[in-house]
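Data block below; observations after.
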Amino acid sequence: MIELLARLGVAFLLFIVGLSLDFKVLKDVGGISVVAGVGAMVVVSALSFLIALRFGFAYTSALYLAAALAFSSTVVVVKLLSDKREMDTLHGRIALGILIVEDFVAALMLMIVPVMSTGSVSIIFMEIGKALLLIFAIFIISIFILPTLFSWAAKTPEILYLASIAWALLISILFHSLGFSLEIGALLAGMALASSHYSLEISNKTKSLRDFFVVLFFVYFGSQLAGPLHADMIIEAIIFSAFILVGKPLVIMAFMRAFGYKKRTNFFAGIGLAQISEFSLILVLLGFTLGVVPQSLVSLTILIALITIALSSY
């Protein structure tokens, strides 16, 4: 039950993130978001993989950990930017753009990893095609149907609130029923409403709901820290955390500097992304469920998440 409520929290958060993703607003930071997002994921995952091998991890465990450490937390970053009223600043928009790139990659991995166990390339491409077709259908609806529907709903604040929640849950359920991530469904549901005249009002009305469920997400997060914490695991967690807290911001700052952004913007965007993601835990838990990684890797990932989220927030 806690896991279900936690996933609802992440879904509502990503729905609100999607509401702020009007591509007309983000077009000026789209290039740096893609380059810095993809570049940072490649560099951080490659270095994490080498560090994991140095610690004696098996190749499969090292790959899963490297992939998990490549993503930053949308839950944490969006909450902090929102509370500090920095969503519309330059570094806030760049950080948000990088997070969206990372979330799409993470969602793609969560979609492909279970299918890869079948070993069929045709099934993998079929799943990707199905996802792209579904995304196309959602945005066709957002252009021709949603404007009329939400113009009617906006006549009454309560109906607008219920209609927005219903839309978010409907698309999430649709993605989940087709074997995809419900979180990415919620993100796309928000993006479909981003260009609406009522996106800001919907975002403000659903924030309290998001905050309630996100608290339960962190309860679930802590509940997965199973097994004894021996000295070697703590040392490994400290080293990987130090790499994420220091190394990842430096990598992002280097890419941003190449685009000519000022040091202040580079610094705030970089340190804002110095933690690992909720998708990191979901990915490693998926590997554990499939029987390819041990429980100790799940505990290590959670420990790294707790350290990096706590320190990067301050």
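Here are the numbers:
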read-out: Helices (runs of 4 or more DSSP H) fully within segment 241-313 counting 3 or more residues that are open to solvent by 10 Å² or more (accessible area, probe 1.4 Å), at negative phi and among the hydroxyl-bearing types (Ser, Thr, Tyr); value: 295-313
read-out: Cross-chain or 6+ apart pairs with Cβ under 9 Å, segment 147-164 first and farther than 16 Å from ALA189 by Cα and assigned to a helix (DSSP H, G or I), then open to solvent by 30 Å² or more (accessible area, probe 1.4 Å) and acidic (Asp, Glu); value: PRO157/GLU201
read-out: Residues (among the aliphatic types (A, V, I, L, M) and over 16 Å from LEU187 (Cβ atoms)) located in segment 57-75; value: ALA58, ALA62, LEU63, LEU65, ALA66, ALA67, ALA68, LEU69, ALA70
read-out: Subset of segment 69-100 [outside any loop (DSSP other than H, G, I, E, B), surrounded by fewer than 21 Cβ atoms within 10 Å (Cβ to Cβ) and not hydroxyl-bearing (Ser, Thr, Tyr)]; value: LYS79, LEU80, ASP83, LEU90
read-out: Filter result for ILE128 (open to solvent by less than 50 Å² (accessible area, probe 1.4 Å) and within 19 Å of GLY185 (Cα to Cα)); value: yes
read-out: Residue within segment 55-71 that is touching an Asp or Glu at 6+ places or on another chain (Cβ under 9 Å), at pLDDT 80 or above and closer than 28 Å to GLY30 by Cα present; value: yes
read-out: Subset tally (residues that are assigned to a helix (DSSP H, G or I) and over 17 Å from the mean Cα position of the chain (by Cα)) for segment 43-68; value: 15
read-out: Residues of segment 7-42 satisfying the condition of being under 13 Å from the mean Cα position of the chain (by Cα) and modelled with pLDDT under 75; value: VAL17
read-out: Qualifying positions in segment 170-213 - open to solvent by 50 Å² or more (accessible area, probe 1.4 Å) and in a loop (DSSP other than H, G, I, E, B); value: LEU178, GLY179, SER195, HIS197, TYR198
read-out: Filtered residues of segment 216-235 (kept if aliphatic (A, V, I, L, M), at pLDDT below 80 and open to solvent by 70 Å² or more (accessible area, probe 1.4 Å)); value: LEU229
read-out: Any hit, segment 82-91, residues being of a type in the set (S, T, N, Q), over 25 Å from ILE252 (Cβ atoms) and modelled with pLDDT of 85 or more; value: no
read-out: Answer residue from segment 260-305, given it is polar (S, T, N, Q) and over 14 Å from the mean Cα position of the chain (by Cα) and is farthest from VAL113 (Cα to Cα) among those; value: THR265
read-out: Set ILE138, ILE128: member being assigned to a helix (DSSP H, G or I) and modelled with pLDDT under 85; value: ILE128
read-out: Pair list, Cβ under 8 Å, 6 or more apart: segment 42-58 residue in contact (Cβ under 8 Å) with a residue 12 or more places away in the chain and farther than 12 Å from GLY247 by Cβ, other residue of a type outside the set (A, V, I, L, M) and buried (at least 18 other Cβ atoms within 10 Å of the Cβ); value: ALA52/SER61; PHE55/GLU236
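The values are calculated or read from the model by the stated rules, or taken from the named source; none is laboratory data. As the structure is a prediction and not an experimental result, all values here were calculated from the model. Glycine also receives a Cβ, built like all others from the backbone with ideal geometry; neighbour counts cover every protein chain displayed. Surface areas here come from the heavy atoms of the whole protein model, side chains and all, with no ligands, DNA or RNA. Shrake-Rupley method; radii C 1.70, N 1.55, O 1.52, S 1.80 Å.
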